[in-house]
Every structure is written in C-alpha cells, then in structure tokens.
1. Considering only residues that are open to solvent by 50 Å² or more (accessible area, probe 1.4 Å) and among the acidic types (Asp, Glu), look in region 287-328 and name the one that is nearest to ALA355 (Cα to Cα).
2. Any idea which of (1) modelled with pLDDT under 95; (2) open to solvent by 10 Å² or more (accessible area, probe 1.4 Å) is the one GLN57 doesn't satisfy?
3. Exactly one condition in (1) loosely packed, with under 15 Cβ neighbours inside 10 Å; (2) in contact (Cβ under 8 Å) with a residue 60 or more places away in the chain is false for ALA22; which is it?
4. Going residue by residue through region 153-166, is there one that turns out to be part of a loop (DSSP other than H, G, I, E, B), more than 20 Å from ASN362 (Cα to Cα), in contact (Cβ under 8 Å) with a residue 12 or more places away in the chain and charged (D, E, K, R)?
5. Taking the stated definitions as given, is ASN97 polar (S, T, N, Q), modelled with pLDDT under 95 and either part of a helix (DSSP H, G or I) or surrounded by fewer than 17 Cβ atoms within 10 Å (Cβ to Cβ) (or both)?
6. Could you say which residue among GLU215, GLU252 is acidic (Asp, Glu), in a strand (DSSP E or B) and either at pLDDT 95 or above or in contact with a strand residue (DSSP E or B) (Cβ under 9 Å, 6 or more places away or on another chain) (or both)?
7. In region 375-409, which residues are of a type in the set (Gly, Ala, Ser) and open to solvent by less than 30 Å² (accessible area, probe 1.4 Å)?
8. Tell me which residues, restricted to region 174-203, are assigned to a helix (DSSP H, G or I), farther than 21 Å from TYR113 by Cα and out of contact with any strand residue (DSSP E or B) (no Cβ under 8 Å at 6 or more places or on another chain).
Amino acid sequence: LLLLLSGCAGYKNSIEKSWYHATRGEHARALELLENSSLASSSKHKLLYLMEKGILQHLAGEYKASNQTLDEADRLAEELYTVSVSDTTLSFITNDNMLEYAGTDYETAYISYAKILNYLKLGDLEGGRVESRRIDEKLNYLSDTYPDGQGFKDSPFLRMITGFIYEALGEYNDAFIAYRKSLIGYHSGHEPGVEAPPFIWPRLNLSARKSGLVEDARQLRKSYPSPSSDEVGSPTAIVLLAGYGSAPVLEERSMVVPSGKGYPIKIAMPELVPRTRSGPKLRIEVDDSPTEPLSTAADINSIARESLNARHGKIMAKAIARAVAKQATARQANKQGGDLAGLTMQLAAFFTERADLRAWDNLPARILVGVVPAEAGPRNVSLVRRGDEQTFDVKIKENRLNFIVTRLF
C-alpha cells in the first residue's frame, strides 16, 4: 500500500519535468516524458493525464490530436461526476488519492476553452461554435446548481470567448447575449480579482446594432456605466488571446496531534501555491503602430483559490472523520492482535494520511486579451513585452473578428 501511495505522489515530479521542456519549446520531449510517467499508466489519474496531454499537444501545434485528447477528457469528466461507492470507501481508510480524479468545476469548463483555442488555430469557426454551445451548457448548469459564494459557478471570460466566436460567425444575436452575460458576470464578481475589460462594451454595442437590440444595450448602460459604454466596436478587428505563466500548484500542509494513547494523528490538507504572480504588461502593435495594452480577462490563480476555499470545509471534515475511523481501526487491531498489531495500524494510519494534490497545473496563470481595429489585408502584428516581441503575419478579413492565439512563459 505504501509503495502504491508513493507512486501517486511521483506523478507531480513527472509533470514538472515535462512542463520544464514544454516552456522551452521542446514539445516532443515534454510529450515523451508525460507518456512515460506514472500519470499516463494510472487509471486514477487518467483525466489529469488527458488534460495535461491536450495542452502539450496544443503547444506542439498538434491541434487536431489535442482536440481528440480533450474530447476524451470531456467525456471522462462527465462519467466521473458520480464517484463509485467502493472507491469512496477505499479513500476513507487511506486518502483521497485512491479516488479517480474527477476534476474541479473550473477545470472541466476550461477543457472546452482549450478546445476552442485549437479550433481557432485550425481556422474552424464551426467547430468553435459547437464548443461555445458546450460552454454555455456547462456554465448554465453551474449557475443553476450553485448559489453565490459556493466557488466556481460562472465565467465571464468564457462567456466573452463564446461572444467572440458568435460575432466572428455573424451570429450577432447570440453574440449580444454572450457579451451581456459576460458584462454582468464581471460586475457580479464571478471573475475573481478581474474587472470587466474595456473592449466588452464596444463589442456589445456593435452586436446590439447588428441584431436590433439597441434598447437592450441602452438599459445595460444605465445599470453598468463605464467610460467605454457608448463606444461601438469596429466590425473588422483583431482579437489576441495570450495565456501567461502556469497555474498554481497544490502542496501539502499537515498538522500532527497526539491521540488519547499518545500516538500521533496526522491531518493533511492541500494549500495553493502560485507559480506565476504578477502579469506582464503587453501591448499589440499593428504594422508598427502601437495600440491599447492587453487586459487581464481571467485570473486562474484567483479562480483556483476560490475553488479550493469553497471545498476547504468538506476536505477538512472528511480528513477529521478519516482520522477518527483510522484510530478506531487501530484500537480494534490492538484488541484482536495485541500491541504490535495496534502499533502497525497506527503507523499505517499516519503514513497513509496525505492530501490530494492533483490539479490541472499547466493551465495559464492568467489570460490576457486585446481587441483592436484593423484594416483588411496583410498585416504585421506584434505582441510587445518589455522590449521583446512576438510577430504574426496575419491576413485580416473584412467585417469580421480575426484571431491570434499564443502562450507566454
């Protein structure tokens, strides 16, 4: 059992080694390390393996393969929504690492976001529309299921992404609805630590005009006034999506208290540790003409923290109940097998108590977005950061949104 538990812990090192190579552009090596890791061989970690693999394939430019992997992850997440009784019982006498990892609510929602990035890279807006509907379904379910203050229940950022897709397809009524939900969500605090980006209003106003919903937009301006609330966006524009850094990781924090007979009792809890703190200052230049800086549209650090805080009480209650159950088992072993049996069970109880540290570590820490008008035709677009820059040669199509997707470390 202890050997099995040590294997559960070892996958973290595998992910870190794999990701180290991915951040340096060594994608083949990163995928090789992941495929040869304990993460790939354990059914308990299969969802996590699929999510990590999907991201690595995206970075490697394997967009169709990435979506196939993420499709499998999406189906598995649905299957794991209900945990089997036998697995739950096993986790109660050891730890939650014995359960199949089912993902958090925000992770399962962001599977669809990762798929949309692939569709945008492939120029497949129809595929993006299908995934946008999937995001709507997921977020509507969470909004209907959880009351406010219960962790991740909506995502103004993901709502905004679906608005971009609908607008790019000329489906302005759906775009307006998505932008409206995004605007209200940002103002309701559903994107923790992030204010509504200034480009939402121009996109919302344009989609309102195109769909005949001008009065609806006017009513929104009364409720959510801002300096940009009267602006109307250009129908020809660039949308740049930049994932930055790496999501926070979970580390174990434990406390040890003596039992009635002096044996130590261990209670282990997960604690969130950010790997990327401050976001970079980025701006877009189109044909060497500076534009507005990018805005932080989603902060995964804050989302993960709120998600963990919402689950903290449940995790703590289960850890305490598990400690009580283990002590009862140790006392029973002592009665039936003597002091040595009791001591053996006490040691097993201590060393098998471990926090579940599984999480989708390789999501970005933040997602930055810029929307800038541009004239149709071939354009040189630069993403400038502290003197460094990435350049993209883009053929801008008239009267539609044109997408650039990138990842920064």
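1. So, considering only residues that are open to solvent by 50 Å² or more (accessible area, probe 1.4 Å) and among the acidic types (Asp, Glu), the one nearest to ALA355 (Cα to Cα) is GLU306.
2. (1)
3. Failed condition: (1).
4. Yes; the residues of region 153-166 include at least one that is part of a loop (DSSP other than H, G, I, E, B), more than 20 Å from ASN362 (Cα to Cα), in contact (Cβ under 8 Å) with a residue 12 or more places away in the chain and charged (D, E, K, R).
5. Spelling it out, ASN97 is indeed polar (S, T, N, Q), modelled with pLDDT under 95 and either part of a helix (DSSP H, G or I) or surrounded by fewer than 17 Cβ atoms within 10 Å (Cβ to Cβ) (or both).
6. Of the residues listed, the single one that is acidic (Asp, Glu), in a strand (DSSP E or B) and either at pLDDT 95 or above or in contact with a strand residue (DSSP E or B) (Cβ under 9 Å, 6 or more places away or on another chain) (or both) is GLU252.
7. GLY377, SER382
8. HIS187, TRP201 - these are the residues of region 174-203 that are assigned to a helix (DSSP H, G or I), farther than 21 Å from TYR113 by Cα and out of contact with any strand residue (DSSP E or B) (no Cβ under 8 Å at 6 or more places or on another chain).
The values are calculated or read from the model by the stated rules, or taken from the named source; none is laboratory data. None of the values given here were measured: they were computed from a predicted structure. Neighbour counts are summed over all protein chains in view; Cβ atoms, including those assigned to glycine, are modelled from backbone coordinates with ideal geometry. Areas reflect the complete protein model, heavy atoms only, side chains present, ligands, DNA and RNA absent. Shrake-Rupley method; radii C 1.70, N 1.55, O 1.52, S 1.80 Å.
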